[in-house]
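Data first, discussion second: the structure below is written as structure tokens.
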Amino acid sequence: MTAPSLTPARARVRSASRADEPVRIVRKHHVLVRVTHWVHFPLLLGLIVSGLAIYWAAPVFRHAPTPGNPRGDYLADVGRALAGVFGTSGDPRNWLYERVSLGPQRLANSLRLHWLFAYLYMACGALYLLGLARGGGWRALLPRRGDAAEALAMLRYYAGVIPHALARKPWPHPPIAGKYNALQRTAYLAMPCVGLLVVLSGWAMHKPAMLPWLERLFVSYDGARIVHFLCMLALGGFMVPHVVLAVADGWDTLRSMVTGWSTRLKGAPHE
Amino acid sequence: MSESRRDAKAKAASSSGRLTRAVRRALEAAAERPGAVEEVPRGRLASRSRRDFLLLGAGALATAAVGWWILPDGTRRTWLPWAHDELDTLAARAGLTRDRRERALNRVLTFDDDVAEALYSRDRLVRTYTRADARPLRNNYHGRTPGPEYLPGWRLSLSGLASGRREILSIEDLLARFARHDMNTRLVCVEGWSHVVAWGGLRFGDLLAAYPPAPGTRWAAMRSEVSLDGRGRHEPYYVSIDFETARHSQTLLATHHGGAPLTVEHGAPLRLVAPMKLGLKNIKGLTHITYTEAEPPDYWRERGYSAYDGI
């Protein structure tokens with residue numbers, strides 16, 4: 001902060017004047033949106049690892065029994081294939097369950113943890129929606145005219161980033177009018193919708209006798225299980241491009257999800 | 001005539017105008033607004049950011065610690081075979097002991113049970129299916145299936161009654177005295193699989209009415225003395241059933257399955273069928289029912305599962 005060549009008094013004056021210097025910022029994320037965004041990550045992780053350990057007890061995606069896989073569990077097949085590549089000291093059919101779930105034969109423990117994370121996840125989701133409402137962030141998530149064309153332009157841009165960087169050629173970012181581009185908008189709106197669906201299908205499985213209308217919404221009990229599993233894939237799968245793109249977008253984007261503000265002002269060129 | 005038509009047209013036009021205006025107002029309200037630009041002194045911004053990043057870091061550390069503490073012991077051993085001992089010691093030193101974890105997680109189960117109990121209503125009927133939806137039921141009992149030798153001597157013992165007596169009933173008594181009810185309901189296993197099953201039997205509520213329980217009792221302790229463990233040794237199975245569940249019109253003491261008398265695999269000659277509970281409450285080969293004031297023991301509760309199991 002202070003340069004050693006300055007006398008302490010002069011350094012104080014200089015840093016004080018620098019500290020007083022105004023910075024132009026724009027508020028980007030409501031505090032509830034930021035808090036729930038980060039809390040969401042470990043909760044989702046916990047839900048996935050406990051959920052897959054529950055799934056182990058009675059897989060819903062099954063083929064006819066085979067000698068090596070009497071339960072016909074596709075995830076056991078995937079595990080065996082991965083064990084063939086990476087090696088294992090345990091049962092190769094449990095390869096996946098031992099790594100991305102709490103493990104086979106831990107049903108009672110996994111159920112308790114799944115309920116704990118599920119209640120926290122619902123509370124977290126409700127607070128996120130409150131934050132969207134209070135901060136007005138919901139407006140930036142709504143679809144609008146021209147989204148399809150903008151989404152295509154963004155896909156073309158993303159596909160060209162690496163080749164152009166390697167060729168050291170300019171590759172300008174398409175002009176974006178709002179807070180998000182059409183792809184981000186679609187993804188950020190889809191995630192809360194998938195979140196709602198995962199909660200509904202969860203309750204359909206958890207209380208099918210007392211909430212039969214909810215079970216009917218997913219056609220059958222197994223229908224709810226399949227939807228729940230697919231939602232898990234969507235929520236987990238979202239994280240990969242989300243993290244890559246957020247990091248690629250730069251420090252301002254990452255910082256804004258912690259502090260709430262951005263120095264990228266409206267109308268300023270992107271990137 | 002033409003005037004009134006013109007009036008109607010004008011009215012329609014003005015109401016469609018109102019609608020257009022309302023839509024336009026809604027779209028304007030939903031339109032993204034540019035964020036207001038603020039000027040903040042750099043020093044204040046920096047100190048606030050520092051605070052936020054420190055909070056994030058502290059939160060991440062706390063989450064990692066609690067996340068580790070909350071993991072099942074077996075999972076820790078699998079995930080970090082070289083560090084789990086040291087980390088466990090560290091966690092215990094910080095007050096995150098195994099005992100505390102078990103107490104905390106069991107509170108989660110109790111909370112979820114309270115939610116289930118709040119959702120439950122004796123008037124709400126469980127979804128029923130057609131006979132064609134019914135599938136052969138899988139016998140998922142973890143113990144060995146007993147041989148049929150016990151069947152001739154089988155009796156149901158009923159105690160905790162208002163009369164103060166112990167009633168001993170044969171299956172013939174039960175079949176002769178009580179009306180038979182048939183239903184096709186889904187049996188949902190805690191593991192996640194489920195089957196629609198065609199059941200037949202007497203209503204638990206009818207038995208409760210015919211043999212009233214002692215005043216003050218709220219629970220039925222249901223017990224099977226014919227149940228065996230995995231090696232074929234005698235191992236009683238027991239579940240707790242609250243009276244609210246027992247008195248539901250779809251809670252049966254089943255005698256039939258798929259139109260035929262129950263087989264030993266499925267709990268001959270009498271089993272509980274409570275489709276608003278998980279399958280593990282649907283005790284097979286029932287031999288004893290005792291009405292109690294205090295909550296009776298439950299086999300799977302003692303093994304880390306929920307006590308209520310309402311679905």
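Each reported figure results from applying straightforward, stated rules to the coordinates on display, with no laboratory input. If you're wondering where the values come from, they're calculated on a predicted model, not measured in any experiment. When we count neighbours, we look across all protein chains shown, and the Cβ atoms used for this are built from the backbone with ideal geometry, even at glycine.
Among all residues of segment A:177-192, there is none that is of a type outside the set (Asp, Glu), more than 14 Å from every other protein chain (Cβ to nearest Cβ), farther than 23 Å from A:Phe41 by Cβ and crowded, with 16+ Cβ neighbours inside 10 Å. Elements of the type helices (runs of 4 or more DSSP H) sitting completely within segment A:160-271 and holding at least 1 residues that are within 27 Å of A:Ala148 (Cβ to Cβ) and in contact with an Asp or Glu (Cβ under 7 Å, 6 or more places away or on another chain): these cover A:182-206. Scanning segment A:211-236 for residues that are at the interface with chain B (Cβ under 10 Å from one of its Cβ atoms) and surrounded by fewer than 20 Cβ atoms within 10 Å (Cβ to Cβ), which turns out nearest to B:Ile311 (Cα to Cα)? Among them, the one singled out is A:Leu211. Residues that are without any contact (Cβ under 8 Å) to a residue 24 or more places away in the chain number at least 3 in the following helices (runs of 4 or more DSSP H) confined to segment B:154-261: B:171-177. Evaluating B:Arg127 against the criteria (1) under 26 Å from A:Val49 (Cβ atoms); (2) at the interface with another protein chain (Cβ under 8 Å from one of its Cβ atoms) leaves one unmet condition, (1). Answer yes if at least one residue in segment A:243-265 is at the interface with chain B (Cβ under 8 Å from one of its Cβ atoms), farther than 27 Å from A:Val39 by Cα, surrounded by fewer than 14 Cβ atoms within 10 Å (Cβ to Cβ) and not acidic (Asp, Glu), and no otherwise. Yes, the conditions are met somewhere in segment A:243-265.
Look at segment A:182-202: where a residue is farther than 18 Å from A:Met257 by Cβ and a partner is β-branched (Val, Ile, Thr) and assigned to a helix (DSSP H, G or I), sitting 6+ places away or on another chain with Cβ atoms under 6 Å, you get A:Ser201/A:Val227. For segment A:90-144, taking the residues that are among the hydroxyl-bearing types (Ser, Thr, Tyr) and away from every other protein chain (no Cβ under 11 Å), the one that is farthest from B:Leu280 (Cα to Cα) is identified as A:Tyr128. The residue that is surrounded by the fewest Cβ atoms within 10 Å (Cβ to Cβ), counting only those in segment B:77-100 that are more than 10 Å from every other protein chain (Cβ to nearest Cβ) and among the basic types (Lys, Arg), is B:Arg93.
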